[in-house]
Structure formats: C-alpha cells, structure tokens
Amino acid sequence: MPASLSDKFIIVGAGLAGTLMAWELEKRGVIYEVWDAPKNPSKSSRTPIHSSPPNTSNQASRVAAGMFNPVSFKRIVEVWNAREHMDVMRETYLKIESFLKIPGKILHKSPIMRVFPNSQYRMLWEKRLEDEHNVSQFIRPVSDEAPDDIVAPHGFGVVPEAGWVDLPLLLDSFRSFLESKGKFREKTYNSTFDDTIQTSNFIDCRGVGATEDLANHNLKIQSDHGDVLTIKSNINTKNMCVNRVKWLLPRGNHTYKLGATYKWNVVNSIPSEEGREELLTGIKPIISSEVFDNLEITNHETGLRPASKDRRPYAGKINENTYILNGFGTRGVLIGPATAAHLVRFIFEDKELPKEINTARYSS
Ligand SMILES: Cc1cc2nc3c(=O)[nH]c(=O)nc-3n(C[C@H](O)[C@H](O)[C@H](O)COP(=O)(O)OP(=O)(O)OC[C@H]3O[C@@H](n4cnc5c(N)ncnc54)[C@H](O)[C@@H]3O)c2cc1C
C-alpha cells in the first residue's frame, strides 16, 4: 500500500541523497524532518575529512567536485540513461535554485574538453560521429585548436552539455531552509534503539554510514575513496573542464578543482601524499610546463563514495517503515534527481521502481 501524504517521514542524512529526497517531500507537502549526524563544530564544511570513523562523519557530497558528464570516456559511449538523467537533473536543480531564491548559483555549465591520449582514440571519436552512434548527440567534432595553455598533440573533442553543481552551496542553502522551518535536527540515527522508529517512516540516505545495516539486507555499500585538490592558477581553459583521465574543472576566480583519485573499499579516507602526486602526475602531460610549475594547491580533500555492487543506485523499501536511497557512486549529481523522483513515486503512488535501481534486485 502506498504511504499517505499525511504520514510523517524522517530523512536520515543530509548529503546529496537526503537533500534531493527532502526536495521531493517538500514539493508534495509531506510532513518530514531531516536528521544529520553532528559534526565537529570547529571544522568548516570544506575541511578535509579524516581521522574520525567513516560511519557517520563521511560526507561525500561536500568533497565532490559536483561534475556531470553524459559521456563515458573509456569507450566513448553515453553513460547509463544519459538523456533521461540529464533532463531530470537540469530541471530539478533549476527548480531548487528558484525555490531557494538563488538563481544561477547551483547548476553551472562547463563543457568538457577531452584531450585525446593517442591517434587511435582520436579515430574512435571520429568513428562515433560518422556512425551516428548514440553518444554522437553529446560530442562535437575533433579539433586541433587547443587553448595556448593546453597541450593536445592528438587533438581534442568537446562535450558541450557537461557542467557542475555547487554541492556545498546546495546542501547549505537547503539546510538553512529546513532550519528556518524547524525541519532539521542534528541527530545520529541508530537503527537498533530509536524510540521514534515505531511512529515514523524513515528514508535512509546515510551514504557509507549505512554500510553495516544495509549488509543485513544483502545490499553491499562499497566505500570508494577519492582525493580532490583545489588549485589557484592563471591557466586559461576557456571555461572548459580539461580532461585526460584526471580533470581540471574551472570554478571561477582563477580557482580550479583537480580530481579525482579512485581507490576501492577504503575504511578511513585520509589525504595522502600519494593521492596528491597521482593527481598532479595525471594532469601534467596536458598543461604547459610554465602553467604547471605555477599551480598553487590551496586545499586537499578526500571522501568515500557510497557505491553499489553493480554501479546502479539503491532505491526501495527494506522493511515496514524504512526506505533506502543510496549507492550514488561516482555520478550522484547526474543520477540522483531521477532516482529520488522514482523513489518518491514508489512511496506515495505505488509506481513500480525501475528494476535497475530497485533494491529488490538483491533481495534473493
Ligand atoms: C573525491 C570525490 C569526488 C567526487 N566527485 C563527484 C563528481 O564530480 N560528480 C558526482 O556526481 N559525484 C562525485 N562524487 C560522488 C558523490 O559525492 C556521491 O555520489 C554523493 O555525494 C553521495 O551522496 P550521499 O548523500 O549518498 O552521501 P553523503 O554525501 O556521504 O551523505 C551522507 C550523509 O549521511 C550522514 N550520516 C551518516 N550516518 C548517519 C547517522 N547514523 N545518523 C545521521 N546522519 C548520518 C552524514 O553525516 C552525511 O551528511 C565524488 C565523491 C568523492 C569522494
């Protein structure tokens, strides 16, 4: 039976998943509150996450560069459900911007300039366009006119629809709204002894914080560590994100994000020399040496991506009063809005969840 709009809901976790869920409930006029585990008040939201155990302290959404890209560069194909996810994503963040009265601040356009690693890759890019492959709707013809600061001997191709979402701003602004309405509580959820558990419906959006509980439901959450550097530089990328496995994303005011590393199944996410070197080494070949030598690193952050076994998100119901939104992995910004919208239709309208995201795919 679907839930009623007059039922009370508690969303646990105020990362991207929890915020998107709150937005969906807000639109429907549902009675809800959002809980998030208290953080050390002396640390700012952009301070690197380290030392404390990841179960409640990890906030992937605050570390993420927030990029979205409809193309998977490994084989030059479109990512899963690219068109639907791009459309729902754009509409959702624009509506949230307007609701929070911060138009133009959350969703940003920044085409990706994919620097080709070799001539075979260049040929594959050209072939995708010639063949009118599905991905061709997202990519532009090969070019050799790279900006002066970029080294691209094999040329490059552009993905014009790519960009980024200012996740810290989205999270902070939505939280301020919730606080102003008395809908936010700093509270750590403990599934085994919470007295409100009898009276409310929970939507568990705890990211890697839900790992142990979800394992009891045969849902594996893999904690995939990543590093991102914040850089100051005079490099001119013509407002494009430059990509060659590692990427450099312009964030305005000569500031760039350089990311990201990827390490599977890490328990504690700590900024390391190794992570920093991997990022710098990865970007060095496509930046002129003069610019590279003058990069100034102003921050180094790390976090744990909550990833599922099959790289598809988890949405569904795991017991009488608990729903799940998790497993956003590396593409939370792009897949999150459509997944949250599917879950809310499942909760209130009894609409079946798409098989690929339904937690029931692991229930046997
Ligand atoms: C280095 C790095 C770079 C990334 N770059 C990108 C990118 O460019 N684009 C992209 O789309 N994705 C990116 N990601 C992935 C993205 O961050 C995730 O997909 C997404 O943020 C996950 O959101 P979430 O809400 O599920 O988890 P989180 O953001 O981790 O939020 C979980 C929340 O639950 C709270 N919580 C946990 N346990 C409890 C508890 N017991 N009680 C109460 N609250 C609790 C935590 O405090 C936290 O606020 C990146 C991730 C990393 C680590």
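The values are calculated or read from the model by the stated rules, or taken from the named source; none is laboratory data. Source: prediction; values computed, not measured. Note: ideal-geometry Cβ built from the backbone for every residue, glycine included; neighbour counts use all protein chains shown.
In table form, for the structure just shown:
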| item | result |
| --- | --- |
| Tally, over region 179-207, of residues that are surrounded by fewer than 19 Cβ atoms within 10 Å (Cβ to Cβ), in a helix (DSSP H, G or I) and at pLDDT 95 or above | 2 |
| Those residues of region 155-171 which are within 12 Å of the ligand (Cβ to nearest atom) and not in a loop (DSSP other than H, G, I, E, B), in sequence order | Gly163, Trp164, Val165, Leu167, Pro168, Leu170, Leu171 |
| Pair list, Cβ < 6 Å and 6+ apart or interchain, from region 319-338 residues that are within 19 Å of Phe9 (Cα to Cα) to residues that are near the ligand (Cβ under 6 Å from one of its atoms) and at pLDDT 95 or above | Leu325/Ala17; Leu325/Cys205; Asn326/Pro306 |
| Leading residue by the ranking (surrounded by the fewest Cβ atoms within 10 Å (Cβ to Cβ)) among those in region 307-349 that are among the β-branched types (Val, Ile, Thr) and more than 13 Å from Ala3 (Cβ to Cβ) | Thr330 |
| Among the residues listed as Ala340, Ala315, the single one being in contact with a helix residue (DSSP H, G or I) (Cβ under 6 Å, 6 or more places away or on another chain), assigned to a strand (DSSP E or B), closer than 28 Å to Val267 by Cβ and of a type in the set (A, V, I, L, M) | Ala315 |
| Selection within region 327-345 - out of contact with any Asp or Glu (no Cβ under 7 Å at 6 or more places or on another chain) and not small (Gly, Ala, Ser) | Phe328, Thr330, Arg331, Val333, Leu334, Ile335, Pro337, Thr339, His342, Leu343, Arg345 |
| Test for Ile318: is it more than 21 Å from Asp204 (Cβ to Cβ), of a type in the set (Val, Ile, Thr) and more than 10 Å from the ligand (Cβ to nearest atom) | no |
